[in-house]
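In what follows, a single structure is set out as structure tokens and then discussed.
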Amino acid sequence: MNLDEKQFKSVYDEHSKLIYNLCLSYVLNSEDAQDITQEVFVKVYKNYHKFNPSEASIKTWIYRIAINQCLDFLKAGKAKKRFGFITSLFHPESNELIQEAANIDHPGIELEDKEALNNLMKIIYSLPENQKTAVILLKIEGKPHKEAADIMDCSIKALESLFQRAKINIQKKLKITEGF
């Protein structure tokens with residue numbers, strides 16, 4: 001089944017702000033989050049015939065698409081760095097490491113909180129994808145465990161295990177950065 005224009009507008013109006021906020025949690029830049037949100041809804045429109053309401057709710061299905069788009073976006077950014085690593089990892093003037101993914105451009109964050117949050121987001125970004133997704137869904141998005149597990153297509157126990165491993169990894173990395 002395909003969506004007509006009116007149905008698509010309804011789906012978009014109901015879910016676009018949630019998806020934008022999710023994307024913003026991943027990429028930390030409002031322009032990138034807007035672009036990814038657009039890409040998500042293009043995929044929703046083109047692939048709606050693949051949506052199976054007996055497997056997941058429309059919201060869960062769209063969240064899965066959004067998470068995959070965000071992860072693909074982040075991978076693409078890392079791939080660009082990897083291929084041009086000599087010139088792109090360091091500022092030419094200062095030789096300081098460039099951390100583009102960790103620069104925060106989130107409208108709700110006050111200036112004095114940016115440095116601490118910037119450090120925390122660098123650490124979250126360094127987690128394996130499934131741990132990063134568990135942290136974003138549970139703590140940044142505030143999703144209940146059941147909903148987050150459905151979005152990640154795993155059991156609640158598996159989600160809790162991923163989240164616990166993420167917390168341990170974050171704590172270890174925070175201890176390392178405290179010395180700086």
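The values are calculated or read from the model by the stated rules, or taken from the named source; none is laboratory data. Nothing here was measured: the structure is a model prediction, and the numbers come from that model. Positions of Cβ are generated from backbone atoms using ideal geometry, with glycine treated the same way; all protein chains shown enter the neighbour counts.
Would you call residue 106 surrounded by 13 or more Cβ atoms within 10 Å (Cβ to Cβ), under 25 Å from residue 167 (Cβ atoms), over 12 Å from the mean Cα position of the chain (by Cα) and at pLDDT 95 or above? Steps first, please.
Details: surrounded by 13 or more Cβ atoms within 10 Å (Cβ to Cβ): yes; under 25 Å from residue 167 (Cβ atoms): yes; over 12 Å from the mean Cα position of the chain (by Cα): yes; at pLDDT 95 or above: no.
No; evaluated as a whole, the condition is false for this residue.
Each row is one residue, and each column tells you yes or no for (1) within 16 Å of residue 148 (Cβ to Cβ); (2) over 11 Å from the mean Cα position of the chain (by Cα); (3) crowded, with 17+ Cβ neighbours inside 10 Å.
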{"site": "3", "(1), (2), (3)": "no, yes, yes"}
{"site": "7", "(1), (2), (3)": "no, yes, no"}
{"site": "18", "(1), (2), (3)": "yes, yes, no"}
{"site": "22", "(1), (2), (3)": "yes, no, yes"}
{"site": "33", "(1), (2), (3)": "no, no, yes"}
{"site": "36", "(1), (2), (3)": "no, no, yes"}
{"site": "49", "(1), (2), (3)": "no, yes, no"}
{"site": "52", "(1), (2), (3)": "no, yes, no"}
{"site": "73", "(1), (2), (3)": "no, no, yes"}
* Kindly indicate whether residue 115 is surrounded by fewer than 16 Cβ atoms within 10 Å (Cβ to Cβ) and either free of Cβ contacts under 8 Å to residues at least 24 places away in the same chain or over 12 Å from the mean Cα position of the chain (by Cα) (or both). => yes
* Do you know which of the residues in region 109-154 that are farther than 16 Å from residue 67 by Cβ and in a loop (DSSP other than H, G, I, E, B) is modelled with the lowest pLDDT? -> 109
* Asked: Which of the residues spanning region 21-56 are of a type in the set (Phe, Trp, Tyr), farther than 12 Å from residue 69 by Cα and assigned to a helix (DSSP H, G or I)?
  -> 45, 48
* Looking at this structure, is residue 14 outside any helix (DSSP H, G or I) and acidic (Asp, Glu)? -> no
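Filter region 118-160 for residues that are of a type in the set (Ser, Thr, Tyr) and within 16 Å of the chain's Cα centre (by Cα) and give the result.
Of the residues in region 118-160, the ones of a type in the set (Ser, Thr, Tyr) are 125-126, 133, 155.
Within region 118-160, 125, 126, 133 qualify.
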* Residues (crowded, with 18+ Cβ neighbours inside 10 Å and among the aliphatic types (A, V, I, L, M)) located in region 138-168 -> 138, 148, 149, 151, 152, 159, 162, 166
* **Evaluation of residue 95 against (1) exposed (fewer than 15 other Cβ atoms within 10 Å of the Cβ); (2) at pLDDT 50 or above; (3) of a type in the set (S, T, N, Q); (4) more than 19 Å from residue 125 (Cα to Cα) (one fails), failing number** => (2)
* Asked: Residues in region 69-76: is at least one under 19 Å from residue 37 (Cβ atoms), at pLDDT below 50 and part of a helix (DSSP H, G or I)?
  -> no
